[in-house]
């Protein structure tokens, strides 16, 4: 969502600005992207967590984010 991208930028993780030198196109609302569990939890604690695709989520994310919370925000739940 746009709200998540704005939050992420304000938290020091700018995901919306293209970085061609790294082959990174920049994200727009609706894009799917890999996000580390710690960043997802940070966003969740601020009420800004994006939806998750459980089938594409590493099993160790449960240790950081909690399975119930991931299921709450799953698009494939």
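A short reminder: the numbers here are calculations on the coordinates, not readings from a lab. Keep in mind it's a predicted model, so treat the numbers as computed, not measured. Methodologically, a virtual Cβ is constructed for each residue, glycine included, from the backbone with ideal geometry; neighbour enumeration extends over all protein chains shown.
Contact order for the chain, expressed relative to its length and based on alpha carbon pairs under 8 Å spaced 6+ residues apart, stands at 25 percent. Sticking with the crude label model, points 7 Å out along Cα→Cβ, report the distance from residue 54 to residue 28 in nm, one decimal please. Between residue 54 and residue 28, the simple spin-label model gives 3.0 nm. If you run the Gaussian network model on the chain, springs between alpha carbon atoms under 10 Å, then out of 59, 45, 21 the most flexible one is 21.
What ranking do 8, 16 get, fewest neighbouring Cβ atoms within 10 angstrom at the top?
16, 8
Using all pairs of distinct alpha-carbon atoms, the Kirkwood hydrodynamic radius of the stretch 2-72 works out to 12.8 angstrom. Just checking the listed ones, 30, 12, 66: in the Gaussian network model of the chain with Cα springs under 10 Å, the one fluctuating most is 12.
Cβ crowding within 10 Å ranks 33, 40 as 33, 40, fewest other Cβ atoms first.
Take the Kirkwood radius over Cα pairs of the stretch 34-77, plug it into Stokes-Einstein at 4 °C and 1.567 mPa s, and you get 128 µm²/s for translational diffusion.
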